[in-house]
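Have a look at the structure below, then the notes.
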Amino acid sequence: MRHTSPVAEAPAERQRRTTPGHGQVVLLPTEPLDPAAERDSSYRFSDPGLSELSLEALLTELLIRVQEALKVDTVAILLYEPDSNQLVARAATGIEEEVEQGVRLPLGKGFAGRIAADRVPIFIADVNHADVLNPILREKGIASLLGVPLIVEGQLIGVLHVGSLTPRTFDQDDVAVLQMAAARAAPAIERAQLFARLEHEHDVSMVLQRSLLPQRLADVVGVNVAARYLPAREEVGGDWYDVFELPRGRVGVVIGDVVGHGIVAAALMGRLRTALHSYAIEGHGPGRTLELVDRFVQSLNESAMATAAYAVFDTYTSALHYATAGHLPPLVISGADVRMLEVTPAPPLGAFPYGRCPEHELSLESGEMLLLYTDGLVERRGVALSAGIDVLAAAVNAAQTPEEACTLAVARLVPREGLRDDLAIVALQNAAVPSELHLTLSAEPKTLAHARRILRRWLNERGADEGVVAEMTIAVSEACANAIEHAYAPSPATFELHGQARDGEITFTIRDGGRWRPPRGHNRGRGLSIIVAAMDDVQIDRTAEGTEVVMRRRIAPK
Amino acid sequence: MSLADVQITLVPTALIAHVTGEVDMSNAEEVGATVIGATPNEAQGVVLDLSRVEYLDSAGIYVIYGMRSSLQARGQSLILVIPAASPVHDSLRLAGAERPGEVADTVEEALRVLDGRPTTGS
């Protein structure tokens with residue numbers, strides 16, 4: 001058998017030899033390197049610059065240095081993947097196909113597999129007559145191979161192997177150089193791998209966090225909203241915010257903070273956001289909604305906890321109901337005045353069985369803003385929480401819009417060096433109702449609901465009582481429905497709705513570019529009947545250019 | 001947020017459809033088709049619960065008439081649940097169509113009306 005190592009000719013006491021696989025020879029050098037070679041190799045592989053590199057850059061650098069030191073044609077690094085118990089080709093020079101094809105090798109078999117399983121260097125003099133699993137090695141015409149395991153504190157990291165296209169006898173010095181390279185590189189690889197994994201987890205939780213927060217805030221008639229989320233310097237947390245529309249002209253706004261960091265906190269945040277939105281849609285008020293989310297957290301059987309503040313604003317009546325669970329008190333910005341809202345101390349969600357979240361009520365006047373925020377915004381090392389809230393209040397007291405409030409708060413409170421904790425802030429403003437309505441609406445059925453929300457708010461503000469608001473809303477909606485039916489389909493068309501209040505009388509004008517159609521079918525006339533019944537006076541003007549409906553009704557002062 | 005929702009319950013004699021939200025020309029036909037489509041042939045009739053509807057306009061009224069015709073053609077009755085103080089009641093009053101079918105104040109009352117009626121067609 002000619003394929004055993006020529007190193008075997010050396011005195012038997014210098015090395016032990018076994019043949020783990022056909023044509024493979026295990027080499028265990030016992031002789032120290034020639035001092036000059038040692039110095040040279042040591043320099044090559046202990047460069048402290050190596051530890052600064054990312055995993056990819058480190059592996060590439062290692063390939064170059066090993067190739068130079070041993071004057072070989074190929075170098076390959078396979079890393080051990082504990083989950084699959086396989087070696088995965090991660091970097092190679094001369095046999096790049098290994099990496100491109102994503103070669104995976106089982107432990108215990110073949111050349112690299114034996115090196116990894118037995119944790120010994122192996123030399124193959126003649127690849128064609130040896131136990132080699134990876135066909136790429138033969139296809140590339142590699143004649144001889146030498147490989148060593150990469151080990152850190154007894155843990156297998158991978159395999160480093162070199163190859164020669166011409167038959168070559170790797171001697172004891174070659175083995176020593178390769179082992180030194182492996183010894184120096186292994187810890188750096190492990191560090192870089194760990195770092196890459198952490199970085200990956202950070203990226204994943206960042207993407208998760210982003211995808212779990214609203215992509216855009218609900219566009220609700222009657223309010224202006226804005227929000228910010230900023231991750232901490234090091235890792236994401238579980239802060240969240242949400243704004244959603246609720247039945248009967250109401251809008252929900254919530255902010256919360258899941259205790260903990262990373263993917264787990266971000267994932268729980270997503271579940272709580274969904275749970276709260278679901279309970280809110282069911283029609284529960286803020287206090288009961290938070291209590292139900294608390295029961296939900298309790299039922300998870302995880303040591304999960306979160307704080308939250310949730311408010312429901314009624315765009316028709318300007319009433320604001322809110323409740324908190326272990327969360328910082330909301331602020332209300334009213335002109336240049338900023339006040340902290342009263343809250344009843346309540347435990348965080350998931351903290352105690354049957355936690356209660358008492359509800360508070362106030363009127364959020366036109367132009368006023370509600371500001372919800374997480375502790376990441378106001379908590380600073382060595383500064384009292386109340387002082388942080390005072391700084392926030394001072395920062396936002398000149399804000400005219402929610403967007404401005406968020407910008408000012410972040411600009412003033414986020415330290416230059418970044419955040420230790422993530423932060424969220426959301427602002428909701430009771431949008432001022434104009435004294436006259438001038439709306440251009442698209443001529444499609446879904447416009448009607450939108451127009452009614454605007455109308456109810458506007459009529460409320462004009463002082464009409466509830467019944468009158470309802471009657472006029474249906475009358476205007478019917479006239480708008482007619483305008484939509486007149487529109488020449490399928491091109492996009494619009495119609496106009498004007499409203500004004502003078503001397504206790506409301507006048508609406510609905511103008512479209514189509515022709516008034518006589519009612520079709522005996523039930524289609526009901527729209528006009530409703531308009532006539534709900535208003536004091538109705539005039540319909542049909543011309544070639546379009547149809548104009550003018551309707552009036554007196555309202556009794558409230 | 002969807003404008004309206006329909007929640008359907010089947011009892012031995014009838015299909016009960018609870019409608020919530022707002023019904024206008026954008027969704028009235030869908031609401032009607034949903035209820036008619038879900039009504040089994042064996043049911044004596046449909047109880048259309050409009051007590052929690054917040055808004056109903058002429059398009060909605062038109063669909064109610066349409067539902068009544070479809071059901072009548074199958075030998076089934078339509079009983080509406082419309083309490084006196086409700087937005088739907090106000091819409092019907094404005095439209096001059098106080099009783100677009102048989103009306104009850106509650107679902108229970110509607111079911112009693114249906115149960116006390118001899119089964120048609122058998």
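The values are calculated or read from the model by the stated rules, or taken from the named source; none is laboratory data. Predicted, not measured: the structure shown is a model, and the values here were computed from it. Backbone-built Cβ (ideal geometry, glycine too); neighbour counts: all protein chains shown.
I'm trying to understand the selection: among the residues of segment A:431-452, which are surrounded by fewer than 19 Cβ atoms within 10 Å (Cβ to Cβ) and among the charged types (D, E, K, R)?
Of everything in segment A:431-452, those that are surrounded by fewer than 19 Cβ atoms within 10 Å (Cβ to Cβ) and among the charged types (D, E, K, R) turn out to be A:GLU436, A:GLU444, A:LYS446.
Of the residues in segment A:342-369, how many are among the hydrophobic types (A, V, I, L, M, F, W, C) and not in a loop (DSSP other than H, G, I, E, B)?
3
Given A:CYS406, A:CYS480, which one is in the same structural domain as A:ASP390 (by TED's automatic domain parsing) and either assigned to a helix (DSSP H, G or I) or of a type outside the set (Phe, Trp, Tyr) (or both)?
It is A:CYS406.
How many residues are in a strand (DSSP E or B) and modelled with pLDDT of 90 or more if we restrict to segment A:495-528?
15
Looking only at segment A:388-402, count every residue that is aliphatic (A, V, I, L, M), farther than 11 Å from A:ALA336 by Cα and more than 28 Å from the chain's Cα centre (by Cα) and tell me the total.
Counting residues in segment A:388-402 that are aliphatic (A, V, I, L, M), farther than 11 Å from A:ALA336 by Cα and more than 28 Å from the chain's Cα centre (by Cα) gives 1.
Residue by residue through segment A:114-127, note down the ones that are crowded, with 24+ Cβ neighbours inside 10 Å and under 13 Å from A:ILE157 (Cα atoms).
If the condition is that a residue be crowded, with 24+ Cβ neighbours inside 10 Å and under 13 Å from A:ILE157 (Cα atoms), then A:ILE115, A:ALA116 are the ones that fit.
Would you list the strands (runs of 3 or more DSSP E) that sit entirely within segment B:42-112 and hold 2 or more residues that are within 14 Å of another protein chain (Cβ to nearest Cβ) and under 16 Å from B:VAL31 (Cβ atoms)?
In segment B:42-112, B:45-56 are the strands (runs of 3 or more DSSP E) which contain 2 or more residues that are within 14 Å of another protein chain (Cβ to nearest Cβ) and under 16 Å from B:VAL31 (Cβ atoms).
For segment A:80-101, give me each residue that is over 22 Å from A:LEU165 (Cα atoms) and touching a strand residue (DSSP E or B) at 6+ places or on another chain (Cβ under 9 Å).
Of everything in segment A:80-101, those that are over 22 Å from A:LEU165 (Cα atoms) and touching a strand residue (DSSP E or B) at 6+ places or on another chain (Cβ under 9 Å) turn out to be A:TYR80, A:GLU81, A:PRO82, A:SER84, A:ASN85, A:GLN86, A:LEU87, A:VAL88.
If you scan segment A:457-471, which residues turn out to be within 45 Å of the chain's Cα centre (by Cα), within 11 Å of another protein chain (Cβ to nearest Cβ) and farther than 12 Å from B:TYR55 by Cβ?
Listed by number, the list holds a single entry, A:GLU466.
Which one is farthest from A:GLU444 (Cα to Cα), of the residues in segment A:476-488 that are at the interface with chain B (Cβ under 9 Å from one of its Cβ atoms) and in contact with a Lys or Arg (Cβ under 8 Å, 6 or more places away or on another chain)?
A:SER477
Output yes when any residue across segment A:313-323 is out of contact with any Leu (no Cβ under 6 Å at 6 or more places or on another chain), within 27 Å of A:MET269 (Cβ to Cβ) and either free of Cβ contacts under 8 Å to residues at least 24 places away in the same chain or not assigned by TED's automatic domain parsing to the domain that holds A:ALA265 (or both), and no when none is.
No, there is no match, as no residue in segment A:313-323 is out of contact with any Leu (no Cβ under 6 Å at 6 or more places or on another chain), within 27 Å of A:MET269 (Cβ to Cβ) and either free of Cβ contacts under 8 Å to residues at least 24 places away in the same chain or not assigned by TED's automatic domain parsing to the domain that holds A:ALA265 (or both).
Being modelled with pLDDT of 65 or more and either assigned by TED's automatic domain parsing to the domain that holds A:HIS129 or surrounded by fewer than 19 Cβ atoms within 10 Å (Cβ to Cβ) (or both): is that true of A:ASP34 here?
no
Only one of (1) at positive phi; (2) surrounded by 23 or more Cβ atoms within 10 Å (Cβ to Cβ) is not met by A:SER144, so which one is it?
Going through the list (1) at positive phi; (2) surrounded by 23 or more Cβ atoms within 10 Å (Cβ to Cβ), A:SER144 breaks only (1).
Pick from segment A:229-259 the residues that are small (Gly, Ala, Ser) and out of contact with any strand residue (DSSP E or B) (no Cβ under 6 Å at 6 or more places or on another chain): which of them is nearest to A:ASP203 (Cα to Cα)?
A:ALA232
Within segment A:56-146, which strands (runs of 3 or more DSSP E) (wholly inside it) include 2 or more residues that are touching a helix residue (DSSP H, G or I) at 6+ places or on another chain (Cβ under 8 Å) and under 17 Å from A:ALA181 (Cβ atoms)?
Output list reads A:74-81, A:86-93, A:122-124.
Quick one: count up the residues across segment A:419-456 that are within 14 Å of another protein chain (Cβ to nearest Cβ) and either without any contact (Cβ under 8 Å) to a residue 12 or more places away in the chain or of a type in the set (Gly, Ala, Ser) (or both).
Looking only at that region, the number is 5.
Given the condition in the same structural domain as A:THR344 (by TED's automatic domain parsing), of a type in the set (Val, Ile, Thr) and surrounded by fewer than 15 Cβ atoms within 10 Å (Cβ to Cβ), answer yes or no: does some residue in segment A:376-387 qualify?
Yes - at least one qualifying residue is present in segment A:376-387.
Condition (residue is among the aliphatic types (A, V, I, L, M), in contact with a Cys (Cβ under 9 Å, 6 or more places away or on another chain), more than 14 Å from chain B (Cβ to nearest Cβ) and not in a loop (DSSP other than H, G, I, E, B)) applied to segment A:389-401: is it met by at least one residue?
Within segment A:389-401, one or more residues are among the aliphatic types (A, V, I, L, M), in contact with a Cys (Cβ under 9 Å, 6 or more places away or on another chain), more than 14 Å from chain B (Cβ to nearest Cβ) and not in a loop (DSSP other than H, G, I, E, B).
Out of B:VAL63, B:VAL103, report the one residue that is touching a residue at least 12 places away in the same chain (Cβ under 8 Å), surrounded by 19 or more Cβ atoms within 10 Å (Cβ to Cβ) and in contact with a helix residue (DSSP H, G or I) (Cβ under 7 Å, 6 or more places away or on another chain).
Answer to the check: B:VAL63.
Keeping to segment A:192-245, report how many residues are surrounded by fewer than 16 Cβ atoms within 10 Å (Cβ to Cβ), over 13 Å from the mean Cα position of the chain (by Cα) and part of a helix (DSSP H, G or I).
The number of residues fulfilling the criteria is 7.
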